[in-house]
Amino acid sequence: MPRTTATVASRQRRKKILSATKGYRQGGRRLIRQAQETLVRAYKFAYRDRKVRKREMRKLWILRINAAAREHGLNYSRLLSGLERAGVAIDRKMLADMAVRQPEAFASLVETARAA
């Protein structure tokens with residue numbers, strides 16, 4: 001009986017790993033064992049950083065809101081508590097967007113918060 005090998009399957013497996021590591025540096029793209037380790041590490045970073053991105057975006061929104069509020073003589077915490085008391089339900093993402101793109105609308109929100 002002829003000897004069978006897993007040539008096709010193993011080649012496909014290796015090819016999949018090497019094509020995924022295209023653009024990496026040195027042996028991380030050429031040598032199968034190093035490429036495999038590099039790929040596992042890259043997937044770990046990608047998984048972790050999908051969560052980190054959400055944190056960083058929230059930080060950025062808060063920074064932008066605070067900077068815009070201080071231009072109007074109010075700080076971030078007073079602005080948000082004033083908006084909450086006034087019954088304005090708007091999230092940080094939208095507030096930050098308004099602060100950057102629509103300063104007039106943001107100014108009216110600041111006045112609403114100050115009145116409350």
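Scanning region 76-89 for residues that are exposed (fewer than 12 other Cβ atoms within 10 Å of the Cβ) and in a loop (DSSP other than H, G, I, E, B) turns up GLY87, ALA89. I'd like to know if region 52-72 contains one or more residues that are surrounded by fewer than 12 Cβ atoms within 10 Å (Cβ to Cβ) and either touching a Cys at 6+ places or on another chain (Cβ under 6 Å) or closer than 18 Å to ALA115 by Cα (or both). Checked against the condition, which is being surrounded by fewer than 12 Cβ atoms within 10 Å (Cβ to Cβ) and either touching a Cys at 6+ places or on another chain (Cβ under 6 Å) or closer than 18 Å to ALA115 by Cα (or both), region 52-72 yields no hits at all.
For the residues ASP97, ASP49, the requirement of being of a type outside the set (A, V, I, L, M, F, W, C) and under 30 Å from ARG14 (Cα atoms) singles out ASP49.
Pairing each residue of region 73-88 that is in contact (Cβ under 8 Å) with a residue 24 or more places away in the chain with any residue that is assigned to a loop (DSSP other than H, G, I, E, B), provided the two are 6+ apart or on different chains, yields C-beta distances under 6 Å for GLY82/ALA116; ARG85/ALA116; ALA86/ALA116.
Taken together, the values in this text are just the output of simple stated rules run on the coordinates, not laboratory data. What you see is a predicted model, and the numbers here were worked out from it, not measured in a lab. Methodologically, a virtual Cβ is constructed for each residue, glycine included, from the backbone with ideal geometry; neighbour enumeration extends over all protein chains shown.
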